[in-house]
Structures are given as C-alpha cells and as structure tokens.
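First up is the structure itself, then whatever we jot down about it.
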Amino acid sequence: SALLVGHSVHPCPKARDRFSAADARAFAPEYRGAFALLWLAVKRSRVRQYSAAAEHMVMVEELAARDSRLAQWLRELGEDEWLLPCHPYQWPHWQAQPVLARALAAGELRLLGEGALRWRATSSLRALYCEQVPWMLKFSLNVKLTNSVRQLQPDELVRGAQLAAVLQSPEGQAFQARFPRFEILSEPAAVILLDDNSTPLVETGSLWRANPFVGAGAAHTEVLATLLQDDPRDGLPRLVKRLQCCGAGNREGAQRWFAAYLDVAVRPLLLAQADYGLLFGCHQQNIVLTLDDIWPVKACFRDCQGTGFSPLAQRRLPAVPEGATQLDAEMGQVLFTYYLFVNATFNVISSLAMSGWIAEAALLAQLRQFLQSLLDDGVEDDSVIRHLLHSQQLHIKGNFHCALSDLNENTQRDILAMYHPISNPLTSIQS
C-alpha cells in the first residue's frame, strides 16, 4: 500500500488500463481494500495442474482450516471436482469466454460463492495476501499493467513448480542453508482451466506462493521498489526519509545500509547465478527486505515465473528438469545484470546519493570492492562479475519503447531486442 508512485525506471509505472476508478478502489493496494475471492467447483478434466511436491488441493485444505465456507464446499465437492479460486475482477472475463459459458451451463463449472477470508493486493496488484494463511495467490488479470496485459502463460506457471522441485533437492537445500538470511518465496503449484481441446485459457491461470509474512512476520517488511520511490512532494526517496527518522541520516548510515543490502540481498542472488546457475528476475519490485528498525536483516525474492537456468545449473543441480528454461551466456548475462544491478542496485545508489550525505562515486566504489571480494574468493562462473567490473557497457530494458509499442516481454521471441546499451559507471570508478 506504500508504493504510491510506482517503479522508478518505468514511464508509466501505475498504468492500469481497463481498470475503472471503482475497480481501483476495490482492488488496488494503495486503497488498502480487503475483498473475498470467488470459489468454483470445476470438473477435473477442465483443469491442468503444474505442481512440484505440494498439490493444489492440499493448499486449498490449508485455507479451508481457516475458512468455514471453503471447508463446507470441500465436504460437498464431487469426486471428479476441484475447488478453484477466482479474482473477483476476473470473473466477468471468465464468463465472457464462450467455452466457459458452455461449461457453466453444463455444470462442469459451478460458482459456489465468496470465501470468508479477506485478501489484499500486494504492490504487484495481481498477487494477493492474507495475513492469516501461509500462501499468497497470484492471478491472471485482464488489465494492462505497465507494458502488457498480465495473463499468466503456461510457460510461466510451470517455472515455479520446476524451481520448487530444484529447491527441495539436496543441492537446492544446501543453497538455501548457505544463506539463512535469504529466502525464495516458493511457488510450488499452479492451475489453469482448459478449453474443449485441452488448450490452456490464459485468462484463468493462478499460482500459489509461499507466505512467510504471517502475523509478526510481516513487521518491518518493505518491497525495495517502495523504499526507492521518490516522494512527489519533496523529491526525497522513502529510504532516505526512513534513515533520517531513525537517526542514521549521514554518510556512515548510507554506507552501512548499502553494505547490509549487498550482504543480505545481492550476495545470495549473485552467488545463485555464479555458483549454481540460477537466474532470477530480481529487479527492485521482486526484492522484499525485512528491516531491523533501520538496517536490512533479511531479503526475500518473489516471482519465480521469470526464473531461468544457465548451463552451470545442469552440472550443479541434477533436479533441473528437461525442458526447463535455459538461457545462453549472452542472454543470461544481459538479463541478470539488468535486473539485479541496473534496475535494483544502481537505484539503491541513486536513492542514497539523493540525500546529499554521500556521492554516487563512493557507493559505486563500495560496490566494486564487494564484487572484487567475491571474485577473489572464487566462484564457479565469474562471467557476470567480470562483466560488471570490466565491460564498458551494460544493457537496460527499453521500458518506454515497450510501453509505446505495446510489447509484452513474456511473449517476445527476441527478448534482447528490447534492450539497449548504456555506459557502465563501475568502469570509471577506482575501488
């Protein structure tokens, strides 16, 4: 709800084409509205499940333990039926699908009603949070957010389940144990409705995401994009104001905050790439920090649908399945470097420097020293680190071009065509 002006590197970060003012008040996070999900009974032959260890219906049962209406519907469910959630905004779009209208008429799809639990939108709008349950839900929405209409594609739905299986393997568990202050919000299951030819209907996809922010676990937690947004009233980033309020508004405070961010967020994400071949779409909207009054003490990564694997993952992680998204060296380097550094970390530097307490050059030098120390310690794949330290150019996604041209990056064949080079500020800084 605190992300008022949106992502700092997009020309229209709060674009919500097809949302009315009433829709925004009902479903947008800044209005802090809470609403119920719709639940449907669906013939199993109409559903495709993407699942790792946990099953969709097991998670429904966990919700039913806290939702009396859901518990009753589970007891009354037919042997060949499943319970599926639907975002209330999306329900009219389901009804408008001829194939689903026929399924409703035939009883293959039955609207049961609203659940008792109340849900709130997270900063990404289509991912919903309920503080009482251990799972979040993310839906396809027929709404254009920033660059594209946000419908979950089958290729995206399966990636969360694939990554969950990798993380549950011995090698994946070793990676997680190595970074106890870092957590990947697993997405072990997803479902989508099928048409008469068993083709997925992208308007109906939904996935389950682990929710560690239950009760006291939600305290002092902020999305990185929220911390980095500039207050339109005075131009100061939320991060700067937070440091000022906590008595750390000085050069030392800025350097200490940046060091903590590098340790809890950048280190595990970068070593996931360099030592395990895991490529996360870790831009500032997908990094969630837990703060201990002032300093970052834990980082979470969300949105596994954009995960890819480099060739290193095939050697280090035997659980990576055949058909998983493989990125070649060039694409992996461009995308990963953009997300974690150009989009997220350079924005942290810019926000801290806007305080006037410290120059960008000093924080860039601090970042160079951090990267060099990782290189000196040794990693399996040092290509990204060396690229950051020595390449004269990095790449940035052309968000203005994507928005103007109505491009959906999730369905583009040539993803790199959306990126263009920029000068690398790290090469002009001496560590």
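The values are calculated or read from the model by the stated rules, or taken from the named source; none is laboratory data. Please read these numbers as outputs of a predicted model, since none were measured by experiment. Because the Cβ atoms are built from the backbone with ideal geometry, glycine has one as well, and the counts that use them run over all protein chains shown. Note: areas computed on protein heavy atoms with side chains; ligands, DNA, RNA excluded. Shrake-Rupley method; radii C 1.70, N 1.55, O 1.52, S 1.80 Å.
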Open item on the list: For region 108-115, check the following and say yes or no: at least one residue is closer than 25 Å to Arg18 by Cα, more than 18 Å from the chain's Cα centre (by Cα), open to solvent by 20 Å² or more (accessible area, probe 1.4 Å) and hydrophobic (A, V, I, L, M, F, W, C).
Closed with: yes
Task: Residue that is surrounded by the most Cβ atoms within 10 Å (Cβ to Cβ) [pool: residues in region 53-75 that are in contact with a strand residue (DSSP E or B) (Cβ under 7 Å, 6 or more places away or on another chain) and not in a helix (DSSP H, G or I)] - done: Ala54
Task: Unique match (being under 22 Å from the mean Cα position of the chain (by Cα) and in contact (Cβ under 8 Å) with a residue 60 or more places away in the chain) among Ala177, Ala165 - done: Ala165
TODO: Look at region 291-343 and say how many of its residues are of a type in the set (Val, Ile, Thr), under 22 Å from Leu394 (Cβ atoms) and modelled with pLDDT of 95 or more.
DONE: 2
- [ ] Name every residue in region 174-196 that is assigned to a strand (DSSP E or B) and in contact with a helix residue (DSSP H, G or I) (Cβ under 6 Å, 6 or more places away or on another chain), in order of residue number.
- [x] Phe182, Ala189, Ala190, Val191, Ile192, Leu193, Leu194
Task: Subset of region 123-151 (residues that are surrounded by 21 or more Cβ atoms within 10 Å (Cβ to Cβ), modelled with pLDDT of 90 or more and in a loop (DSSP other than H, G, I, E, B)) - done: Arg126, Cys130, Ser140, Leu141
Task: Unique match (being crowded, with 17+ Cβ neighbours inside 10 Å, more than 18 Å from the chain's Cα centre (by Cα) and more than 30 Å from Arg66 (Cα to Cα)) among Pro237, Pro232 - done: Pro237
Open item on the list: Please go through region 197-217 and give me each residue that is assigned to a helix (DSSP H, G or I) and charged (D, E, K, R), ordered by number.
Closed with: Glu203
Task: All positions within region 349-360 that are aliphatic (A, V, I, L, M) and either part of a loop (DSSP other than H, G, I, E, B) or open to solvent by less than 10 Å² (accessible area, probe 1.4 Å) (or both) - done: Ile349, Leu352, Met354, Ile358, Ala359
TODO: Select, from Leu224, Leu207, the only residue that is in contact with a Gly (Cβ under 7 Å, 6 or more places away or on another chain), crowded, with 22+ Cβ neighbours inside 10 Å and aliphatic (A, V, I, L, M).
DONE: Leu207
Open item on the list: Anything in region 1-33 that is loosely packed, with under 14 Cβ neighbours inside 10 Å and either at pLDDT 90 or above or not in a loop (DSSP other than H, G, I, E, B) (or both)? List them, or say none.
Closed with: Asp17, Ala21, Ala22, Arg25, Tyr31
Open item on the list: Cβ-Cβ distance below 7 Å, separation of 6 or more or different chains: which pairs start in region 92-103 with a residue that is of a type in the set (Gly, Ala, Ser) and end on one that is in a helix (DSSP H, G or I)?
Closed with: Ala101/Gln95; Ala103/Arg46
- [ ] Considering every residue within region 248-256, establish whether at least one is surrounded by 23 or more Cβ atoms within 10 Å (Cβ to Cβ), part of a helix (DSSP H, G or I) and in contact with a strand residue (DSSP E or B) (Cβ under 7 Å, 6 or more places away or on another chain).
- [x] no
Task: Those residues of region 349-365 which are within 21 Å of Leu270 (Cβ to Cβ) and either among the hydroxyl-bearing types (Ser, Thr, Tyr) or in contact with a helix residue (DSSP H, G or I) (Cβ under 6 Å, 6 or more places away or on another chain) (or both), in sequence order - done: Ile349, Ser350, Ser351, Leu352, Glu360, Leu363, Leu364
- [ ] Determine the pairs where a residue that is surrounded by fewer than 19 Cβ atoms within 10 Å (Cβ to Cβ), located within region 319-343, has a partner that is in a helix (DSSP H, G or I) and among the polar types (S, T, N, Q) with Cβ atoms under 6 Å apart, the partner being 6 or more residues away or on another chain.
- [x] Pro321/Gln162
TODO: Exactly one condition in (1) among the acidic types (Asp, Glu); (2) free of Cβ contacts under 8 Å to residues at least 24 places away in the same chain; (3) closer than 28 Å to Pro11 by Cα is not met by Glu360; state its number.
DONE: (2)
Open item on the list: Cβ contacts < 6 Å: first residue on the phi < 0 side of the Ramachandran plot, restricted to region 252-272; second residue small (Gly, Ala, Ser), any location; separation 6+ or different chain. Result?
Closed with: Val264/Ala299; Ala265/Ala299
- [ ] Quick one: Phe346 ticks every box in (1) touching a residue at least 60 places away in the same chain (Cβ under 8 Å); (2) farther than 27 Å from Pro212 by Cα; (3) open to solvent by less than 10 Å² (accessible area, probe 1.4 Å) except a single one, so which number is it?
- [x] (3)
Task: Breaking point among (1) touching a Leu at 6+ places or on another chain (Cβ under 9 Å); (2) acidic (Asp, Glu); (3) free of Cβ contacts under 8 Å to residues at least 12 places away in the same chain, for Glu79 - done: (1)
TODO: Could you tell me whether Asp263 is of a type in the set (D, E, K, R), assigned to a helix (DSSP H, G or I), within 22 Å of Ala161 (Cα to Cα) and open to solvent by 10 Å² or more (accessible area, probe 1.4 Å)?
DONE: no
Open item on the list: I'd like the full set of residues that are more than 23 Å from Met136 (Cβ to Cβ) and surrounded by 14 or more Cβ atoms within 10 Å (Cβ to Cβ), limited to region 78-106.
Closed with: Glu81, Gln97, Val99, Leu100, Ala103, Leu104
